[in-house]
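What follows is a set of notes on a single structure, which appears directly below.
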Amino acid sequence: ERRLFKLGYYLESLMSHILTFPTLFSGGYVANSLAIMTDALHMLTDLSGIILTLLALWLSAKSPTKRFTFGFHRLEVLSAIISVLLVYILMAFLLYEAVQRTIHMDYEINGDIMLITAAVGVAVNLIMGFLLNQSGHLHSHSHSHRHSHIPQSNSPNTAHSSSHGHSSLAVRAAFVHALGDLVQSIGVLVAAYIIRFKPEYKIADPICTYVFSILVILTTVRILCDTGVIILEGVPRHLNVDRIKEDLMKIEDVYSIEDLNVWSLTAGKTTAIVHLQLVPGSSSKWEEVQSKARQLLLNTFGMYKCSVQLQSYKQEISKTCASCQSSSA
């Protein structure tokens with residue numbers, strides 16, 4: 001159900017952005033307005049994010065192959081890097097043009113076309129915000145109605161409620177993002193209104209380009225940081241390795257943690273390999289220890305996959321170096 005809901009929402013957003021982006025960019029080009037083209041560039045970053053999310057949903061359904069045993073999740077990461085780099089290339093061109101206009105001031109802007117195009121951008125963002133708000137309410141209502149007569153358990157298993165919470169948070173985050181896009185579009189509309197009725201203040205156009213370029217950078221730099229951590233196989237920012245080790249050590253019959261590796265295949269799909277040493281005389285309980293460790297990693301820390309290796313207790317033998325032996329002799 002959550003998968004179908006997310007798929008429907010992202011397809012709806014994809015169609016909206018596909019129809020709006022060419023309108024804004026072509027309108028900005030005809031009006032000779034860098035501000036509107038930068039607004040379209042920001043929408044292009046949103047469009048890239050939607051495409052990457054749909055790609056992730058599609059790849060998650062594909063089975064691993066003999067060559068790609070982890071699956072194709074990293075394609076999402078590569079696509080994210082490529083899309084962000086393309087956005088930066090376009091943004092650099094627009095910034096160069098904005099600097100040239102600021103220095104020379106030898107340009108004309110069609111205020112009528114700019115005003116109409118900016119109004120279209122505001123209208124689209126208003127519609128998107130409304131649809132997101134309605135989608136959140138409808139999904140929450142249908143979910144609560146379906147489970148209103150199911151008795152609640154006091155057990156610690158909260159995976160279902162947690163997943164519903166993440167779904168609601170995702171819609172709320174998307175609504176906040178759409179609200180930010182609306183504020184930017186209103187800024188372009190105000191600049192268009194100024195230029196339409198006060199052409200001598202056309203400097204507002206490159207100023208908007210500077211401001212919106214900063215917004216694009218702030219939007220995409222987090223993507224680059226996250227993809228960098230994934231490619232370098234770093235620990236995801238929401239996990240604490242020390243906390244994982246502490247909880248693993250609390251499992252009965254665990255003597256030590258020989259090794260622990262945590263990384264992400266892609267965003268939201270974390271994998272772990274842990275090597276545990278059992279206490280002396282508990283080798284017969286290895287299945288119980290392994291089950292508890294897997295349950296901890298999968299349920300408590302939300303791992304996508306995990307592998308738990310166990311070994312019986314081996315006493316560490318201190319090795320005396322040759323120089324120490326010779327000195328004692």
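The values are calculated or read from the model by the stated rules, or taken from the named source; none is laboratory data. Since the model is a prediction, treat every value here as computed from it, not as a measurement. Here the Cβ positions follow ideal geometry from the backbone for every residue, glycine too, while neighbour counts run over all protein chains shown. Surface accessibility is based on the protein's heavy atoms, side chains included, excluding ligands, DNA and RNA. Shrake-Rupley method; radii C 1.70, N 1.55, O 1.52, S 1.80 Å.
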| remark: Restricting region 23-82 to residues that are under 20 Å from Glu108 (Cβ atoms), part of a helix (DSSP H, G or I) and of a type in the set (S, T, N, Q), the one least open to solvent (accessible area, probe 1.4 Å) turns out to be Thr38
| Within region 57-68, is even one residue among the basic types (Lys, Arg), under 30 Å from Leu265 (Cα atoms) and modelled with pLDDT of 85 or more? | yes
| remark: Matching residues in region 278-308 (touching a Leu at 6+ places or on another chain (Cβ under 7 Å) and either loosely packed, with under 15 Cβ neighbours inside 10 Å or in a helix (DSSP H, G or I) (or both)) number 5
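On the basis of being open to solvent by less than 80 Å² (accessible area, probe 1.4 Å), more than 30 Å from Met105 (Cα to Cα) and either outside any helix (DSSP H, G or I) or modelled with pLDDT of 90 or more (or both), does Ile223 make the cut?
On the way: open to solvent by less than 80 Å² (accessible area, probe 1.4 Å): yes; more than 30 Å from Met105 (Cα to Cα): yes; either outside any helix (DSSP H, G or I) or modelled with pLDDT of 90 or more (or both): no.
Taking the combined requirement at face value, the residue does not satisfy it.
Scan region 91-119 for residues that are in a helix (DSSP H, G or I), in contact (Cβ under 8 Å) with a residue 40 or more places away in the chain and either surrounded by fewer than 14 Cβ atoms within 10 Å (Cβ to Cβ) or of a type in the set (A, V, I, L, M) (or both) and jot them down. Before you say what the answer is, go through the steps one by one.
At the first step, the residues of region 91-119 found to be in a helix (DSSP H, G or I) are 91-104, 111-119.
With the extra rule that they be in contact (Cβ under 8 Å) with a residue 40 or more places away in the chain, the set shrinks to 91, 94-95, 97-99, 101-102, 111-119.
Once the filter is applied, which keeps residues that are in a helix (DSSP H, G or I), in contact (Cβ under 8 Å) with a residue 40 or more places away in the chain and either surrounded by fewer than 14 Cβ atoms within 10 Å (Cβ to Cβ) or of a type in the set (A, V, I, L, M) (or both), region 91-119 yields Met91, Leu94, Leu95, Ala98, Val99, Asp112, Ile113, Met114, Leu115, Ile116, Ala118, Ala119.
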